[in-house]
1. Examine segment 155-168 for a residue that is of a type in the set (Asp, Glu), modelled with pLDDT of 95 or more, in a strand (DSSP E or B) and out of contact with any helix residue (DSSP H, G or I) (no Cβ under 7 Å at 6 or more places or on another chain), and state whether such a residue exists.
2. Read through the list (1) under 22 Å from the mean Cα position of the chain (by Cα); (2) modelled with pLDDT of 95 or more; (3) in a loop (DSSP other than H, G, I, E, B), then give the number of the only condition that Pro151 fails.
3. Here is a list: Glu269, Glu274, Glu348, Glu305. Which entry is acidic (Asp, Glu), at pLDDT 95 or above and not assigned by TED's automatic domain parsing to the domain that holds Ala41?
4. In segment 34-67, what count of residues is obtained for those that are of a type in the set (D, E, K, R), assigned to a loop (DSSP other than H, G, I, E, B) and under 21 Å from Val108 (Cα atoms)?
5. So how many residues does segment 279-293 have that are within 14 Å of Ser363 (Cα to Cα) and either in contact with a strand residue (DSSP E or B) (Cβ under 8 Å, 6 or more places away or on another chain) or surrounded by 14 or more Cβ atoms within 10 Å (Cβ to Cβ) (or both)?
6. Could you tell me whether any residue of segment 181-194 is on the phi > 0 side of the Ramachandran plot and not in a strand (DSSP E or B)?
7. Being in a loop (DSSP other than H, G, I, E, B) and under 24 Å from Trp77 (Cα atoms) is the filter here, so list the residues in segment 124-141 that pass it.
8. Quick check on Asp49: is it surrounded by fewer than 20 Cβ atoms within 10 Å (Cβ to Cβ), closer than 28 Å to Ser86 by Cβ, modelled with pLDDT under 95 and acidic (Asp, Glu)?
Amino acid sequence: MKRLLLLMAFFSPSLLQAEDKDFVPLFNGKDLSNWVNVNCAPETFTVKDGMIHCTGKPIGALRTPKMYENFVLELEWRHLEVGGNSGVFIWATPLGAPGVPFLRGIEVQVLDNGYNVKGKNEWYTTHGDIFPIHGASMKPIYKGNGQRCFPIEERSKSSPEWNHYRVTGNKGTLRLEVNGKQVSGGDECNYCKGYLGLESEGGAIDFRNIKIKELPPTDAPKDRTAPEAKDWKPLYTGVDLRGWKAKPNTSHWKVDDWQILALANPEAEDLWSEVSAKDFEVIFDRRLPEKADATKPMEIKIGNEKEFRKITAPSYPGWTRYTLTMMGNRYSVMDNRGGKTMSQEIPEGSLPSTRSIGLMASSSVNLNFANLYFRELK
């Protein structure tokens with residue numbers, strides 16, 4: 001009898017309410033003021049009937065403005081399309097990883113049961129897989145595929161029913177509860193401190209009742225902490241060329257979901273950004289075909305259509321991330337492949353007072369651009 005009374009006390013409404021009070025909402029049910037659009041269109045993530053509604057187009061992410069280390073995260077989700085795909089990013093980077101639209105981090109899969117790509121239950125499941133992506137690492141606690149942890153029980157409900165996730169991250173360990181029961185997890189996660197994000201990946205999905213309870217910090221080391229966000233703004237919506245000065249003679253510039261495709265054209269026109277500033281930093285990823293001539297440098301312009309400076313940097317096959325910094329009359333370009341920084345002074349008065357960037361196509365090969373971000377330096 002005494003034991004029964006203790007159990008009743010433990011699960012009493014007052015205690016459960018006290019625990020619930022430790023949570024704070026990550027979504028206010030009205031707007032996305034507490035979220036950051038990483039690389040999507042303004043209409044990709046919107047608020048509808050007190051929920052975060054995602055169209056699934058383009059592939060990209062919405063993230064929190066601050067990092068989290070140790071926490072309990074709860075949310076509900078429902079796919080609006082059979083076979084819909086999405087995810088929750090844990091301990092993630094603030095920007096897309098080089099050459100992909102996804103954040104580097106640990107992904108908690110949000111996949112509808114109707115998803116039937118070849119390999120189901122062999123290299124993936126639809127019931128709460130957890131896995132590291134694009135440079136992150138993790139040791140799965142249950143069987144799976146490589147670093148991917150499969151759930152030990154099938155508990156997710158099919159579209160359009162709602163599902164509940166409870167994600168506990170603490171000291172680099174991650175545990176997922178699907179609809180009330182733990183099913184998957186990982187240990188020794190790297191990063192173990194970073195941003196939280198919602199994924200857009202092709203299908204419409206709703207999220208609601210997103211809340212978090214922070215646990216005591218354990219001072220994650222710098223090498224296991226995601227890079228800190230700066231005031232980056234996406235330059236590309238992933239659905240159209242808003243924000244770019246598209247003209248009839250720039251038709252060789254094509255929208256390809258999270259990528260801008262520049263078709264080879266000997267008379268190629270440049271694609272200029274509408275945003276401009278005197279001092280700024282730009283990040284962009286550029287893909288050169290594997291068999292293309294990499295001795296020809298990467299080229300980009302700063303200024304405007306009439307007054308500009310052509311800037312070059314080493315070129316590499318595949319995806320390369322470039323960071324261009326313009327400060328006063330000096331620019332520098334750094335890449336993530338060779339680790340070189342090119343820097344040069346520009347003659348006074350040779351550029352307009354505010355400068356945009358001009359993407360340049362190739363005369364001989366198709367190029368792809370992605371992860372275009374801009375921030376003004378003050």
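1. So the first thing to find is which residues in segment 155-168 are of a type in the set (Asp, Glu), and the list is 161.
So of that shortlist, the ones also modelled with pLDDT of 95 or more come out as 161.
Filter once more, so that each one left must be in a strand (DSSP E or B): none.
No; the residues of segment 155-168 include none that is of a type in the set (Asp, Glu), modelled with pLDDT of 95 or more, in a strand (DSSP E or B) and out of contact with any helix residue (DSSP H, G or I) (no Cβ under 7 Å at 6 or more places or on another chain).
2. Every listed condition holds for Pro151 apart from (1).
3. Details: Glu269 fails: at pLDDT 95 or above; Glu348 fails: at pLDDT 95 or above; Glu305 fails: at pLDDT 95 or above.
Only one candidate qualifies: Glu274.
4. Just the residues of segment 34-67 that are of a type in the set (D, E, K, R), to begin with: 43, 48-49, 57, 63, 66.
Filter again for assigned to a loop (DSSP other than H, G, I, E, B), leaving 43, 49, 57, 66.
Keeping just the survivors that are under 21 Å from Val108 (Cα atoms) gives 57, 66.
Looking only at that region, the number is 2.
5. We begin by selecting, within segment 279-293, every residue within 14 Å of Ser363 (Cα to Cα); these are 288-289, 292-293.
If we keep only those that are either in contact with a strand residue (DSSP E or B) (Cβ under 8 Å, 6 or more places away or on another chain) or surrounded by 14 or more Cβ atoms within 10 Å (Cβ to Cβ) (or both) as well, we get 288-289, 292.
Result for segment 279-293: 3.
6. no
7. Taking segment 124-141 and keeping what is in a loop (DSSP other than H, G, I, E, B), we get 125-129, 134-136, 141.
Passing the criteria: Thr125, Thr126, His127, Gly128, Asp129.
8. On the way: surrounded by fewer than 20 Cβ atoms within 10 Å (Cβ to Cβ): yes; closer than 28 Å to Ser86 by Cβ: yes; modelled with pLDDT under 95: no; acidic (Asp, Glu): yes.
Judged against the criteria, Asp49 is not a match.
The values are calculated or read from the model by the stated rules, or taken from the named source; none is laboratory data. Fair warning: this is a prediction, and the values are worked out from it, not measured in the lab. Neighbour counts run over all protein chains shown; Cβ positions are idealised from the backbone, glycine included.
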